[in-house]
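A.B. asks: Shown below is the structure under consideration.
Just so it is clear, none of the values below were taken in a lab; they were calculated from the coordinates. Being a predicted model, the structure only gives us computed values, none of them experimental. When we count neighbours, we look across all protein chains shown, and the Cβ atoms used for this are built from the backbone with ideal geometry, even at glycine.
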Amino acid sequence: MSTPQTKPVDPIIETESLVEERISVASNWTLVWWRFRKHHLAMASAAILMALYAIVLCPDFFSTQDPEFTEARQAFIPVQGVNFFDEGRLDPWVPAIVGKRNPVTLRMEWRTDPSQKVRVGFFVPGTEYKVLGLFKSNLHLIGSRDQSQRIFLLGSDRLGRDQWSRIMHGTQTSMTIGLVAVTLSVILGIVLGGISGYFGGWIDQFIQRLIELLQSVPTIPVWLALSAALPREWTPIQVFFAITIILSLIGWTTLGREVRGHFLALREEDFVLAAELAGCSRARIILRHMVPTFLSHIIATSSLAIPAMIINETSLSFLGLGIRPPAISWGVLLQEAQNIQTLALAPWLLIPGLLVIVAVLAFNLVGDGLRDASDPYSK
Amino acid sequence: MARFIIQRLMLLPLLMVIFSIMIFAIVQAPPGDFLTSYAATLASSGSSVSMEQLEALRQQYGLDQPIPVQYYRWMVSLLHGDLGLSLEYQRPNIELIGEQLWLTLALAVFSFVLTWLIAIPAGIYSATHQRSVLDYVLTVFNYVGVATPNFMLALVLMWVAFSYFDLSVTGLFSADMAGQPWSWAKFVDLLKHVWLPATVLAIAGTARLTRVMRANLLDELNKPYVMTARAKGMSEWRVVLRYPARLAFNPLVSTIGWYLPQLFSGSLIVATVMNLPNIGPLLLRALVNQDMYLAGAILLIYCFLTIVGTLLSDILLAVLDPRIRMGQ
């Protein structure tokens, strides 16, 4: 071929070597991020989780009204779906609710009436609340423009409380419990697993036997018994922390095992010896040199542990032994759906369960993505 | 092999003693005792008991003794095969539990068999037909199955059966069969009812097991010996089932021991939702009413089942895999 001899470098080869150079100088975390980014499902799930944690930060902003506002005459109102367009213009509205008492069962029967429109708006003023307990606001993401008119985006429960607002507040409790319980497990797991793997000897033996003992505990019955043992007069905050501690007491064992394995493998590595010879203290060797090498694994494992915590909290609360009303969590909300006759009448009471499934799925997918990405040098 | 089993068996009593202390500490931890909550229940229904009566009852049940003495008494009677008297039902615990233990075990075994019957073929299909439509369907199903809490699934199924088919699917027996002595008709009736709770319990387990089976088998299928077998002209069915499937199966067997106890515990919540005659709801009621000897006895049974389950899986694994046997 008559390719000109003067052409310096093939452009494709050049970009390839540039890519290679970028990879070879990128930090471990950048590599993890690059790999994680390729995992589309995990990225989408991460977006969902971020949205859920935005709700955790300020549930009042996302709710349409006070979650505790009770109005028995507005019980079991069905879902009022939002329509964004009215006669071709962007003008969101929900159909109004009309009720009629059934002459036989004497029960109010509600239906939506699209001919009457209740205007809704975004960023509308409503009930006042405090953002993170700091400053006051009365702005709500979505709400009825006419403040005297209540809207029920996800229906209402047997006491006429707005389920949409209650779900927002439940999200705060349930998502926080998962996170706090896993954080506690991680701390326990790293400390005890680290001690076990780093020092070895009888301490290692003792901690290993303890882990074995805890792992052969039948979890759900023992959790139930422990939660039943919480005093009835405790405040919701106390119960909340007690439940997280109960959940993490058994949760740390898997992590502890994993951390110990990593420590055992790393103890013999040259860089640890080098750090020891350089005169580093033990704490520095562990925290500065050893932990960062397997931190990404720990994060992946713990993000896979959060969904189990969420499911357990939901189940405990559902049975009436976890978070208790007046505190709101997804499990507490699902308690309303316990009765099959009620459920036949108001199937929208199952919606909090959908949220549980979405959250757990998202955590699982993110965890899988992280696990695959956490070892950036593997194929 | 015999030595290995004996070693593990010797550990069993020690574990049970540790667990019994732990359980006793938990069940007597709530403030007050059964009699305070009993008095509260009576008071709320309008009648009342005098302080003297309560004190007499407390003495009769030994609730006035210090905790170590209470524990000692409990242990001594346990060793005599006496699980104590239920404070609430005023009946021996062993009777109360015995009625329901068999049904609990039957439900667990039934859903266990169901899980494996579905999960293993599904896992093998997914691995051999990787990236096929059915593989994707199974994967989605598995993710959702793992993400759905058991009780939620039970609720949805009950709701669908109730509002679309007008079926009430609670309980394990029809109303007219529940009180009858065991007979063939009652057994058939049980089979008619057991499938729904068993399916609920099996779905989460199936999802997990299918995933593990698929991953294990995929690892094995890439190994050179599979290619050798194909090169020799073996039919695809024989290649897959004869070697890789068996190897992929091994790690699963080791988890049987964890899986069985999980089933017992998991059935607790489903049984409560579906109103099944199971030791789960019995435990829940006992815990709420502080019927401590009944709760303690049920918790001990759960612990015993868990330990035996783990032991069984260790033995099974040692039988299946000589490398583990030799390592001991």
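A.B. asks: Counting only GluC sites (Glu not before Pro) that sit in a DSSP loop (anything but H, G, I, E, B) with at most 16 other Cβ atoms within 10 Å, what is the longest stretch of chain A containing none of them? Spell out each step's value before the answer.
C.D. replies: Working: sites that count: A:GLU68, A:GLU71, A:GLU87, A:GLU233, A:GLU268, A:GLU269.
Answer from the scan: A:88-232.
A.B. asks: Report the Cα centroid-to-centroid distance between segment A:261-276 and segment B:106-172 in angstrom, as an integer.
C.D. replies: With segment A:261-276 and segment B:106-172 each reduced to a Cα centre, they are spaced 45 Å.
A.B. asks: Let me know the charge dipole size of the protein assembly as shown about its Cα centre in debye, to the nearest 20, where only the beta-carbon of Lys, Arg (+1) and Asp, Glu (-1) is charged. If you can, show how the numbers build up before the last one.
C.D. replies: On the way: 51 positive and 49 negative charges, 219 e Å.
For this selection, approximately 1040 debye.
A.B. asks: Within 10 Å of each residue's Cβ, count the other Cβ atoms and sort B:LYS192, B:LYS232 from fewest upward. List each step's numbers first, then the result.
C.D. replies: Values: B:LYS192 13, B:LYS232 8.
Taking fewest neighbouring Cβ atoms as first place, the list is B:LYS232, B:LYS192.
A.B. asks: Counting other Cβ atoms within 10 Å, which trypsin sites (Lys or Arg not before Pro) in segment A:220-324 have at most 14 and lie in a DSSP loop?
C.D. replies: Details: sites: A:ARG232, A:ARG257, A:ARG260, A:ARG267, A:ARG282, A:ARG284, A:ARG288; in loops: A:ARG232.
The qualifying sites are A:ARG232.
A.B. asks: Which order results if A:SER137, A:SER45 are arranged by neighbouring Cβ count within 10 Å, fewest first? Don't jump to the answer; show the numbers that get you there.
C.D. replies: Values: A:SER137 15, A:SER45 22.
Taking fewest neighbouring Cβ atoms as first place, the list is A:SER137, A:SER45.
A.B. asks: Ok, one more. Would you please state the base-10 log of I(q)/I(0) at q = 0.07, 0.14 1/Å for chain B, with intensities from the Debye formula using one equal scatterer on every alpha carbon?
C.D. replies: Here the Debye-derived log intensity ratios amount to -0.41, -1.21.
A.B. asks: I've got another one for you. Using the alpha-carbon atoms, what tilt in degrees (0 to 90, nearest 10) does helix A:40-57 show relative to the longest principal axis of chain A?
C.D. replies: 60 degrees
A.B. asks: Another question, if that's okay. List the chymotrypsin sites (Phe, Trp or Tyr not before Pro) within segment A:328-379 that DSSP assigns to loop and that have no more than 12 neighbouring Cβ atoms inside 10 Å.
C.D. replies: Those that pass, being in a loop and sparsely packed, are A:TYR377.
A.B. asks: For chain B, take the longest principal axis of its alpha carbons; what is the angle in degrees between that and the long axis of helix B:133-147, to the nearest 10 within 0 to 90?
C.D. replies: Its long axis makes an angle of about 20 degrees.
A.B. asks: Next up: Can you list, bin by bin at 20 Å, the percent of alpha carbon pairs in the protein assembly as shown, starting at 0?
C.D. replies: Final binned percentages: 14, 43, 33, 9, 1, 0.
A.B. asks: If you don't mind, there's one more thing I want to ask. Give me A:ARG166, A:ARG35 ranked fewest to most by other Cβ atoms within 10 Å of their Cβ, as a rough exposure proxy.
C.D. replies: On the way: A:ARG166 26, A:ARG35 18.
The most exposed by this proxy come first: A:ARG35, A:ARG166.
A.B. asks: In segment A:44-143, which trypsin sites (Lys or Arg not before Pro) are in a loop and have at most 14 other Cβ atoms within 10 Å, using DSSP for the loop call? Walk me through the numbers on the way to the answer.
C.D. replies: On the way: sites: A:ARG73, A:ARG89, A:LYS100, A:ARG101, A:ARG107, A:ARG111, A:LYS117, A:ARG119, A:LYS130, A:LYS136; in loops: A:ARG107.
When the trypsin sites (Lys or Arg not before Pro) of segment A:44-143 are filtered for loop state and at most 14 Cβ neighbours within 10 Å, A:ARG107 remain.
A.B. asks: If you don't mind, there's one more thing I want to ask. What net charge do the residues around A:LEU139 carry, taking every other residue with its C-beta under 14 Å from that of A:LEU139, with Lys and Arg at +1 and Asp and Glu at -1? Write down the numbers at each step before the final one.
C.D. replies: Numbers: positive: A:LYS130, A:LYS136, A:ARG145; negative: A:ASP60, A:GLU128.
Combined, the nearby Lys, Arg, Asp and Glu give +1.
A.B. asks: Just want the answer: with Cβ charges of +1 for Lys and Arg and -1 for Asp and Glu, which residue in B:GLN65, A:VAL332, A:PRO231 is farthest toward the dipole's positive end in the protein assembly as shown?
C.D. replies: A:VAL332
A.B. asks: Over all residues in A:355-361, what is the mean tally of Cβ atoms on other chains that come within 10 Å of each residue's Cβ?
C.D. replies: On the way: counts 0, 4, 8, 1, 1, 6, 6.
Mean inter-chain Cβ contacts per residue within 10 Å come to 4.
A.B. asks: List the extent of the Cα atoms of segment B:195-328 along each of their three principal axes, largest first, rounded to whole Å.
C.D. replies: That gives 67, 38, 17 Å along the principal axes, largest extent first.
A.B. asks: Now, a different point. Per residue of segment A:291-298, what does 6.51 cos²θ - 1.76 cosθ + 1.60 with θ = phi - 60° give for ³J(HN,Hα)? Whole Hz please, x for Gly and Pro, Karplus curve as stated.
C.D. replies: After applying 6.51 cos²θ - 1.76 cosθ + 1.60, I find 4, x, 5, 10, 4, 5, 5, 4 Hz.
A.B. asks: Per-residue counts of other Cβ atoms within 10 Å, averaged by peptide: what ranking do you get for A:90-99, A:289-298, highest first?
C.D. replies: Values: A:90-99: 15.7, A:289-298: 17.5.
The densest-packed peptide leads the list: A:289-298, A:90-99.
A.B. asks: Something else about it: Summarise the partner chain shielding of B:196-207 as one whole number: the mean count of Cβ atoms from other chains within 10 Å of each residue's Cβ.
C.D. replies: Whole-number average of other-chain Cβ neighbours for B:196-207 is 0.
A.B. asks: Placing +1 on the Cβ of each Lys and Arg and -1 on the Cβ of each Asp and Glu in the protein assembly as shown, which of A:ILE351, A:GLY194, B:THR139 has its Cα farthest towards the positive end of the resulting dipole?
C.D. replies: Going by the charge dipole, the pick is B:THR139.
A.B. asks: Place a +1 charge on the Cβ of each Lys and Arg in segment A:76-156 and a -1 charge on the Cβ of each Asp and Glu, then give the dipole magnitude about the Cα centre in debye, rounded to the nearest 20. Intermediate values should be presented prior to the final figure.
C.D. replies: Working: 11 positive and 7 negative charges, 52 e Å.
Taking the Cα centre of segment A:76-156 as origin, the dipole is about 240 debye.
A.B. asks: Another question, if that's okay. Which residues make up the longest stretch of chain B that has no chymotrypsin sites (Phe, Trp or Tyr not before Pro) in a DSSP loop with at most 12 other Cβ atoms within 10 Å?
C.D. replies: Details: sites that count: B:PHE165, B:TRP182.
Maximal segment without exposed cleavage sites: B:1-164.
A.B. asks: For peptide B:149-158, what's the mean number of Cβ atoms from other chains within 10 Å of each residue's Cβ?
C.D. replies: On the way: counts 13, 3, 10, 13, 2, 0, 9, 5, 0, 3.
Neighbouring Cβ atoms belonging to other protein chains average 6 per residue here.
A.B. asks: Over the Cα atoms of chain A, what radius of gyration and what Dmax do you get, in Å?
C.D. replies: For chain A, the Cα radius of gyration and maximum Cα-Cα distance read 27.0, 96 Å.
A.B. asks: Using only C-alpha atoms and all pairs of different ones, pull out the Kirkwood radius for segment A:76-156 in Å with one decimal.
C.D. replies: 14.3 Å
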